[in-house]
Amino acid sequence: MKKKLVVLTGAGISAESGIKTFRDSDGLWEGHNVNDVATPEGWHKNPALVLDFYNQRRKQLKEVQPNLGHQILAELENEFDVFIITQNVDNLHERAGSSNVLHLHGELLKVRSTKNPDYILDWQDDLNFGDFDENKNQLRPHIVWFGEEVPALEEALTLTQSADYFAVIGTSLQVYPAAGLIDFTTRETPIFYIDPKPIKIPNLRNPLEVIPQVASEGMKILKKMLTEFI
């Protein structure tokens, strides 16, 4: 039976594919204040801006490709049961071939009803005013904005608790509740932390291996480490 590898990924793994993260630019995300484009308040204040912002992100996503970090994670499915919990809204993990991807913060290529959160559609192109659900309610990006509940959190906690190995890749561990998942691993679960600027993790009980590299280089090292356990 394969061991279970649970991986928490953040913006750092997609940055190497050319997708920017607001954490790297003084709170700006592609030139916008996150409060204007990633909060319910921003949506109510200027929905046209929000729609245009995510339309541009959707176009950008079609122009980028998975990188080596994504690809190695997909390859690890040959040796491990790999489950990815990602904070990213792109589909680069899936495009690289990963089978089990849980999106904590929503998905760029989906939209949902403003009135019925369970009404979710796949969406490849621009989302505009007048794009409605079946009851004539406006559709919005299927993104978990700051201040909103994280529907996938319970499933993420269950996955974390079941991990034989837990890896953290390309995340600042500053955005909660995602950053708190690491505390739900069992005490004996080894943790691997890949980030070029790793932070200190307080009160961690687990065996910890810090790999201070960008995701693609760090994943080469992690793959070698993990295969030694087989």
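Counting only residues that are touching a strand residue (DSSP E or B) at 6+ places or on another chain (Cβ under 8 Å) and among the aromatic types (Phe, Trp, Tyr), which one in the stretch 149-203 is surrounded by the fewest Cβ atoms within 10 Å (Cβ to Cβ)?
Our first condition is that a residue be touching a strand residue (DSSP E or B) at 6+ places or on another chain (Cβ under 8 Å); within the stretch 149-203, this holds for 152, 155-156, 159-160, 162-171, 178, 181-182, 185, 189-195, 198, 201.
Cutting the leftovers down to among the aromatic types (Phe, Trp, Tyr) gives us 165-166, 192-193.
Numbers: TYR165: 20, PHE166: 25, PHE192: 22, TYR193: 23.
Residue satisfying both the conditions and the ranking: TYR165.
Every condition in (1) farther than 30 Å from LYS220 by Cα; (2) part of a loop (DSSP other than H, G, I, E, B); (3) touching a residue at least 40 places away in the same chain (Cβ under 8 Å) is met by PRO141 except one, and the failing one is (2). If you go through the stretch 146-187 and pick out every residue that is within 20 Å of ASN35 (Cα to Cα), of a type in the set (Gly, Ala, Ser) and more than 15 Å from the chain's Cα centre (by Cα), you end up with 1.
Every condition in (1) assigned to a loop (DSSP other than H, G, I, E, B); (2) open to solvent by less than 40 Å² (accessible area, probe 1.4 Å) is met by HIS93 except one, and the failing one is (1). Considering only the stretch 172-180, I want to know if a residue exists there that is free of Cβ contacts under 8 Å to residues at least 40 places away in the same chain, of a type outside the set (A, V, I, L, M) and not in a loop (DSSP other than H, G, I, E, B). Yes; the residues of the stretch 172-180 include at least one that is free of Cβ contacts under 8 Å to residues at least 40 places away in the same chain, of a type outside the set (A, V, I, L, M) and not in a loop (DSSP other than H, G, I, E, B). The residues of the stretch 103-122 that are surrounded by 19 or more Cβ atoms within 10 Å (Cβ to Cβ) and polar (S, T, N, Q) amount to a single one, SER113.
Is one or more of the residues making up the stretch 19-26 at pLDDT 95 or above, of a type outside the set (Ser, Thr, Tyr) and farther than 23 Å from GLU154 by Cβ? Scanning the stretch 19-26, I find no residue that is at pLDDT 95 or above, of a type outside the set (Ser, Thr, Tyr) and farther than 23 Å from GLU154 by Cβ, so the answer is no.
When only residues in the stretch 62-80 that are part of a helix (DSSP H, G or I) and either modelled with pLDDT under 95 or not hydrophobic (A, V, I, L, M, F, W, C) (or both) count, which is nearest to the chain's Cα centre (by Cα)?
Taking the stretch 62-80 first, the residues part of a helix (DSSP H, G or I) are 68-78.
Checking which are either modelled with pLDDT under 95 or not hydrophobic (A, V, I, L, M, F, W, C) (or both) leaves us with 69-71, 75, 77-78.
Working: GLY69: 14, HIS70: 12, GLN71: 15, GLU75: 19, GLU77: 19, ASN78: 22 Å.
Here the answer is HIS70.
For the stretch 199-208, how many residues are at pLDDT 90 or above and under 24 Å from LEU102 (Cα atoms)? Total meeting the criteria: 2. The numbered conditions (1) over 18 Å from the mean Cα position of the chain (by Cα); (2) surrounded by fewer than 20 Cβ atoms within 10 Å (Cβ to Cβ); (3) of a type outside the set (Gly, Ala, Ser) are all true for VAL50 except (2). Output yes when any residue across the stretch 22-33 is of a type in the set (Gly, Ala, Ser) and touching a residue at least 12 places away in the same chain (Cβ under 8 Å), and no when none is. Within the stretch 22-33, not a single residue is of a type in the set (Gly, Ala, Ser) and touching a residue at least 12 places away in the same chain (Cβ under 8 Å).
The values are calculated or read from the model by the stated rules, or taken from the named source; none is laboratory data. Bear in mind the structure is a predicted one, so any value in this text is a computation, not a measurement. No Cβ is skipped: glycine too gets one built from the backbone with ideal geometry, and neighbour counts run over all protein chains shown. Side chains included, ligands, DNA and RNA excluded: accessible areas come from the protein's heavy atoms. Shrake-Rupley method; radii C 1.70, N 1.55, O 1.52, S 1.80 Å.
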